[in-house]
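Have a look at the structure below, then the notes.
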Amino acid sequence: MTYPKIIKDISKSWSFPTKLSAGILLTVVILLVAALGILFTISHNSIEKESLAKAEETLTGTVARIENTLHEVAVATTNMQWNVEHHLDNPEAMALYTRELVKNNNHIVGCAIAFEPGYYKGEGELFMRYTYINPAQDNSLTTSGNPKIIEPDVLSGSPYLAHNWYNIAKNVGQLVWVRPHAEGDTILSSTISCCVPLRDKNGKIVGVLASDVSLDWLSETVLSTKPYPNSYCCMLGVQGTYLIHPDSTRLYHTFVADVIAKDSTNTKVKMLVDSMLKGEDGCRSVQLFGKDCYVLYQALNEKHWSACIVCPESDIFYANKRLTLHAALILLAGLLGIFAFCIVFVNKQLKPLSELATNAERISQGEYDLTIKPTKRKDEIGILQNSFRTMHTALFARISELNRLTSDLLHRHKELNSVYAEVENANETKIRFIHDIADQMLAPVKVIDSSVHHLKEKSDSGQKEDMELLMKKALRQIKIITGLIDKLAR
């Protein structure tokens, strides 16, 4: 049995009020679904815009805080660069400069001034002064001249000539921010460094001044940026590596190799990474690690780094989903209420039609003596009820008249049948009477015939007496026949 046939069979078994209620409900459902669909689309777009605007505002605020801090550190480092370059002939002042820079800037946790090998002839091959906040001594300032100490117990095994902060600043020849030093998956430094080259009067680079900013502070600032419960903020450095990420196992891995290599067909992620590495700002919808997300990103640190907020679609449209669920529940409750109302109201309003249908069926079966009450309703159904009652009254009167006429006709028919029977009996009696008369007339006719024959013979022979006798005999027979004819005429 096909589905349309099942629906058709079910609809046949439904009463008219049920069909009417179902039709009203179906119409309401279509209209409500269409309206809710339009509202859902509008609210979806509106929530998307508002949510992304909120995330963008949060990201902008975070980037601004980081940029302001980095700018403060860069300004302080540049100012100190000027002092150092004007006092290159005084190596003893280098320790003082590093201490002042750390002491006067809350975000700087360490400062190093290092020079090219043999720059100070009397100070040995390598000369460096490094002041840092020492947690082991109640965060007091500690200054060291050991060229192998940048962060105590971390980089003590290699001289500064092997570190990125020194070589990159020297090769670039201008202020540069250097990410934490790492070897493979191991982070060897918990700071980022603002590095500027030191030049002598001839413009030759003779050393590097580096100010260290705590990576913990940067991580706290970035990771605390959560516009939504499951969103997170991260930072990308040069070449697409993670500087900050809530999952520490992804730090310092190449972003392109880590993400794109897993799904070479994900062109949206490729475009996102390319845009971030170019120092662009924007928002893209991509799939990251199996989840549909919106990624809002902004460049910072003169477009060398990029900060982004990853917002799962489930968070952005959580309110919309709740709204949809509530709307669906309200819709369901409303439809059930409408259906119940339709069943009760329509059944009540159309109950007279059911009664009319029942009365019409009874009338069709010959029950004309029904009692149909009048109604005070003024609508079409009321008019139909009263018209049906009037029609029934007129029909009952006509039927009663027809029944009376039929009864009279039956009585007349019985009388006619009785009369007809009497006529038939009379006809039979008359016929028998005629036959009897005819039988009685036969003998006189024969006598007359014989008399006339003998009279003819006598007339021929001239016997008058005999003729008179024959004439009298014939007359008697004629009287007898006349009497019989009189009886027949009566």
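Being in contact (Cβ under 8 Å) with a residue 12 or more places away in the chain and not charged (D, E, K, R) is the filter here, so list the residues in segment 367-381 that pass it. The answer is Tyr368, Leu370, Ile372, Pro374, Thr375, Ile381.
Taken across segment 26-34, residues that are farther than 29 Å from Cys283 by Cα, outside any helix (DSSP H, G or I) and without any contact (Cβ under 8 Å) to a residue 12 or more places away in the chain do not occur at all. The set of residues in segment 81-139 that are over 60 Å from the mean Cα position of the chain (by Cα), closer than 18 Å to Trp165 by Cα and not aliphatic (A, V, I, L, M) comprises Gln81, Thr98, Cys111, Phe115, Glu116, Pro117, Phe127, Arg129, Tyr130, Thr131, Tyr132.
Scanning segment 185-208 for residues that are over 16 Å from His107 (Cα atoms), at pLDDT 80 or above and among the hydrophobic types (A, V, I, L, M, F, W, C) returns Val196, Leu198, Ile205, Val206, Val208. Of the numbered criteria (1) part of a loop (DSSP other than H, G, I, E, B); (2) at pLDDT below 75, the one Pro374 fails is (2).
I want to confirm something. Restricting to segment 195-238 and keeping residues that are part of a helix (DSSP H, G or I) and open to solvent by 10 Å² or more (accessible area, probe 1.4 Å), which single residue is farthest from Asp89 (Cα to Cα)? This residue is Leu223. For segment 317-324, indicate whether the set of residues that are without any contact (Cβ under 8 Å) to a residue 12 or more places away in the chain, in a helix (DSSP H, G or I) and closer than 30 Å to Ala22 by Cβ is non-empty. Checked segment 317-324: no residue is without any contact (Cβ under 8 Å) to a residue 12 or more places away in the chain, in a helix (DSSP H, G or I) and closer than 30 Å to Ala22 by Cβ. Going by the conditions given, is Asn45 more than 38 Å from the chain's Cα centre (by Cα) and either among the hydrophobic types (A, V, I, L, M, F, W, C) or assigned to a helix (DSSP H, G or I) (or both)? Judged against the criteria, Asn45 is not a match. If the condition is being open to solvent by 50 Å² or more (accessible area, probe 1.4 Å) and acidic (Asp, Glu), then segment 97-123 contributes Glu100, Glu123. A count restricted to segment 397-422 and to residues that are in contact (Cβ under 8 Å) with a residue 24 or more places away in the chain and open to solvent by 80 Å² or more (accessible area, probe 1.4 Å) stands at 0. Tallying residues that are in contact with a His (Cβ under 9 Å, 6 or more places away or on another chain), under 17 Å from Asp200 (Cα atoms) and surrounded by fewer than 20 Cβ atoms within 10 Å (Cβ to Cβ) within segment 70-96 yields 1. Given the structure, is Asn386 closer than 30 Å to Lys348 by Cα, modelled with pLDDT of 75 or more and of a type in the set (S, T, N, Q)? For Asn386, the condition - closer than 30 Å to Lys348 by Cα, modelled with pLDDT of 75 or more and of a type in the set (S, T, N, Q) - is met.
Yes/no per residue for (1) part of a helix (DSSP H, G or I); (2) more than 26 Å from Leu25 (Cα to Cα):
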residue: Leu329; (1), (2): yes, no
residue: Gly334; (1), (2): yes, no
residue: Ile343; (1), (2): yes, no
residue: Ala357; (1), (2): yes, no
residue: Glu367; (1), (2): no, yes
residue: Leu384; (1), (2): yes, yes
residue: Phe388; (1), (2): yes, yes
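Name every residue in segment 17-33 that is exposed (fewer than 15 other Cβ atoms within 10 Å of the Cβ) and either closer than 15 Å to Thr324 by Cβ or among the polar types (S, T, N, Q) (or both), in order of residue number. Thr27, Val33 - these are the residues of segment 17-33 that are exposed (fewer than 15 other Cβ atoms within 10 Å of the Cβ) and either closer than 15 Å to Thr324 by Cβ or among the polar types (S, T, N, Q) (or both). Only residues that are in contact (Cβ under 8 Å) with a residue 12 or more places away in the chain, of a type in the set (Gly, Ala, Ser) and more than 19 Å from Val222 (Cβ to Cβ) were counted across segment 37-67, and they come to 2.
Within segment 4-48, restricting attention to residues that are of a type in the set (Gly, Ala, Ser) and more than 30 Å from Tyr318 (Cα to Cα), which residue is modelled with the highest pLDDT? Among those residues, the one meeting the criterion is Gly23.
The values are calculated or read from the model by the stated rules, or taken from the named source; none is laboratory data. Keep in mind it's a predicted model, so treat the numbers as computed, not measured. Quick reminder, even Gly has a Cβ in these numbers, built from the backbone with ideal geometry, and neighbours come from all protein chains shown. Side chains included, ligands, DNA and RNA excluded: accessible areas come from the protein's heavy atoms. Shrake-Rupley method; radii C 1.70, N 1.55, O 1.52, S 1.80 Å.
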